[in-house]
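These notes concern the structure reproduced below.
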Amino acid sequence: TTQLQTFVTLVQQHYHRQVLLMGSPSILKAVQKVDPQAPRWVVSDKKPTTSSGFWQYTSGARLPNGPHADYRAAVFMGDRAAFLKLSQQIVN
């Protein structure tokens, strides 16, 4: 996790934005100490218990009348105000 912490710090400093950590529930638990404040993108077929962050519930979504391909389908687990706040987070 030390290398991941270094990477997260470099990305945040370069882009002046909060990173979003993406992974399975077990991966996100393992990297919790990397950045406890970072929003999470949970990849799982089961709905997470958290009310913030993103939940990717399938990687096999299809678009009606769209190209024949599989797409990731995800939803933000908070309300509109939380989404807007998250989208504006800037690292000092």
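Brief remarks follow.
- The set of residues from segment 42-87 being under 15 Å from L21 (Cβ atoms), modelled with pLDDT under 85 and out of contact with any helix residue (DSSP H, G or I) (no Cβ under 9 Å at 6 or more places or on another chain) comprises T50, L86.
- Scanning segment 25-60 for residues that are touching a strand residue (DSSP E or B) at 6+ places or on another chain (Cβ under 8 Å) and of a type in the set (A, V, I, L, M) yields L28, V31, V34, A38, V42, V43.
- Qualifying residue in segment 48-65 (condition: within 16 Å of Q89 (Cα to Cα), among the hydrophobic types (A, V, I, L, M, F, W, C) and out of contact with any His (no Cβ under 8 Å at 6 or more places or on another chain)): yes
- Residue selected from segment 1-50 under the condition of a type in the set (F, W, Y) and exposed (fewer than 13 other Cβ atoms within 10 Å of the Cβ), by the criterion nearest to L86 (Cα to Cα): Y15
- If only residues of segment 12-24 that are touching a strand residue (DSSP E or B) at 6+ places or on another chain (Cβ under 7 Å) and part of a loop (DSSP other than H, G, I, E, B) are counted, the one that is farthest from R72 (Cα to Cα) is L20.
- Restricting segment 49-73 to residues that are touching a residue at least 24 places away in the same chain (Cβ under 8 Å) and not in a strand (DSSP E or B), the residue that is nearest to Q5 (Cα to Cα) is G53.
The rows are residues; the columns are (1) aliphatic (A, V, I, L, M); (2) in contact (Cβ under 8 Å) with a residue 12 or more places away in the chain; (3) assigned to a helix (DSSP H, G or I).
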site: L10; (1), (2), (3): yes, no, yes
site: S26; (1), (2), (3): no, no, yes
site: K47; (1), (2), (3): no, no, no
site: V75; (1), (2), (3): yes, yes, no
site: L86; (1), (2), (3): yes, yes, yes
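- When residues of segment 28-45 are limited to those that are under 9 Å from the mean Cα position of the chain (by Cα) and outside any loop (DSSP other than H, G, I, E, B), the one nearest to R72 (Cα to Cα): V43
The values are calculated or read from the model by the stated rules, or taken from the named source; none is laboratory data. Bear in mind that the values here come from a model prediction, so they are computed numbers and not experimental data. All Cβ positions, glycine included, derive from the backbone under ideal geometry; neighbour counts span all protein chains shown.
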